[in-house]
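Read the structure below first, then the notes.
The values are calculated or read from the model by the stated rules, or taken from the named source; none is laboratory data. These numbers were taken from a predicted model, which means no experiment stands behind them. Here Cβ is always computed from backbone atoms with ideal geometry, including for glycine, and neighbour counts include all displayed protein chains.
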Amino acid sequence: MVIKLQIIQSDYISKLPQEIKVKYILDRLKRHNIVILEKQLTPKEQAQLIKDTMKEINLNGFYGFEILSFNIGNNRKKLLKVISKKKDSPMIIVPSNLFKQLNKEEGILTLSIEKKG
Amino acid sequence: MIMNIMEKIRGLFKKRKNLNLALYGPPNTGKTTLANRICKDWIGVELGRVSEVPHETRKVNRKESIKIEHNGKRMWFHLLDMPGITSKIDYREFMKYGLTREESLKRAKEAAIGVIGAIRFLNLVDIALVVFDSSEDPYTQVNLMLLGNLEARKIPFLIVANKIDLEGSEPEKINEAFPQYRVVPVSALKGINISSLYSEILNLV
């Protein structure tokens, strides 16, 4: 099975209105593509993405997504500092039917994917 | 200057009769158990049904005019128990709890509508309790998204580290993760440390 991974430069979507930006990402997730954004979505954009995703859920085997970034994972760093430092770090958005596991080590995110149906 | 502005904001809150107090969080963190505890403590009835199957609460449950009192302070609230917020809902997960395919699909559809409603309600909330399961990893993107949205909307909130009665619960981990916020460890189920929560809620207004 071929899994597409799309890396999107921030300049390419940063000036888009929120609704259009979210639709752009969601259209790719619905086609079971993994989306890597050069820069993080804001919390409001993430909320919009979740809201719009819920309208599309369970259609054509699309069950939603996982957002992965250096901000998440089981570590004990103080998160405020992490957030403020990592706003410009990439954000990976994976259709949930592909996501298997995320391993986080110092400075490295390892994403395991598997088609789950 | 900042103190004056804060006092004015507090004054505005005090003039209003009821504040919308909303319980947010991921699914299965004990929001409805906490809502039931609050309702039982102050009006003697429960608000919603609790289940081990995720997304038991699929629409916003509301109980009006609950008076919370602690140490001479009191305030009236409309309590809003929100559906759990998540970025994914797979109906097949519900089948693992014994639901039929049809029941699971229906539940998934209703849960998705519930998530949309919970996010839309963010615009109507005055105060939020963000309920985390203290036996789970708090560093999830949905949790960050939720806290970020409350901050962006300038909604005062507390983090409730629930389920401290569970073996493996680590409320201190939530404290370490979010040192900039007030974290109140409780067990909504057993009623542990609930009076501290009431005190903290009243300190927010």
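Quick grid of which residues meet (1) touching a strand residue (DSSP E or B) at 6+ places or on another chain (Cβ under 9 Å); (2) in a loop (DSSP other than H, G, I, E, B):
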{"position": "B:V53", "(1), (2)": "no, yes"}
{"position": "B:R58", "(1), (2)": "no, yes"}
{"position": "B:K67", "(1), (2)": "yes, no"}
{"position": "B:H78", "(1), (2)": "yes, no"}
{"position": "B:G98", "(1), (2)": "no, yes"}
{"position": "B:E110", "(1), (2)": "no, no"}
{"position": "B:I119", "(1), (2)": "no, no"}
{"position": "B:N123", "(1), (2)": "no, no"}
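Restricting the range A:58-83 to residues that are modelled with pLDDT of 90 or more and within 8 Å of another protein chain (Cβ to nearest Cβ), which is farthest from the chain's Cα centre (by Cα)?
A:Y63
If I ask for residues that are in a loop (DSSP other than H, G, I, E, B) and in contact with a helix residue (DSSP H, G or I) (Cβ under 7 Å, 6 or more places away or on another chain), which ones from the range B:19-48 would you list?
Result: B:G25, B:P26, B:V45, B:E46, B:L47, B:G48.
Within the range B:78-132, track down each residue that is away from chain A (no Cβ under 13 Å), surrounded by fewer than 21 Cβ atoms within 10 Å (Cβ to Cβ) and not β-branched (V, I, T).
Within the range B:78-132, B:H78, B:K96, B:Y97, B:G98, B:L99, B:E103, B:L124, B:D126 meet the criteria.
Going residue by residue through the range B:138-149, is there one that turns out to be in a loop (DSSP other than H, G, I, E, B), within 12 Å of chain A (Cβ to nearest Cβ) and either within 16 Å of the chain's Cα centre (by Cα) or within 19 Å of B:E200 (Cβ to Cβ) (or both)?
yes
Take the conditions assigned to a loop (DSSP other than H, G, I, E, B), of a type in the set (F, W, Y) and within 14 Å of chain A (Cβ to nearest Cβ) and apply them to B:Y181. Does it pass?
Judged against the criteria, B:Y181 is a match.
Which count do you get for residues in the range B:24-52 that are crowded, with 17+ Cβ neighbours inside 10 Å, touching a residue at least 40 places away in the same chain (Cβ under 8 Å) and under 26 Å from B:Y91 (Cβ atoms)?
Looking only at that region, the number is 11.
Can you run down the residue pairs with Cβ atoms below 7 Å, 6 or more apart or on separate chains, where the first is in the range A:27-38 and part of a helix (DSSP H, G or I) and the partner is of a type in the set (D, E)?
Note: pairs meeting the criteria are A:K30/A:E56.
Given the conditions (1) assigned to a loop (DSSP other than H, G, I, E, B); (2) farther than 13 Å from B:Y24 by Cβ, report the number of the one that B:R92 does not fulfil.
(1)
Kindly provide the set of residues from the range A:13-26 that are part of a helix (DSSP H, G or I), surrounded by 12 or more Cβ atoms within 10 Å (Cβ to Cβ) and not hydroxyl-bearing (S, T, Y), ordered by number.
A:I13, A:Q18, A:K21, A:V22, A:K23, A:I25, A:L26
Here is a list: B:R62, B:R107. Which entry is without any contact (Cβ under 8 Å) to a residue 60 or more places away in the chain and touching an Asp or Glu at 6+ places or on another chain (Cβ under 8 Å)?
Only one candidate qualifies: B:R62.
Any idea which of (1) buried (at least 22 other Cβ atoms within 10 Å of the Cβ); (2) assigned to a loop (DSSP other than H, G, I, E, B); (3) more than 10 Å from chain A (Cβ to nearest Cβ) is the one B:S135 doesn't satisfy?
Condition not satisfied by B:S135: (1).
Could you check how many residues of the range B:150-171 are in a helix (DSSP H, G or I) and either facing another protein chain (nearest Cβ under 10 Å) or of a type in the set (A, V, I, L, M) (or both)?
So the count comes out to 3.
Conditions: (1) in a helix (DSSP H, G or I); (2) more than 16 Å from the chain's Cα centre (by Cα); (3) within 22 Å of B:V125 (Cβ to Cβ). B:N175 meets all but one. Number of the miss?
Evaluating B:N175 over (1) in a helix (DSSP H, G or I); (2) more than 16 Å from the chain's Cα centre (by Cα); (3) within 22 Å of B:V125 (Cβ to Cβ) leaves (3) as the failure.
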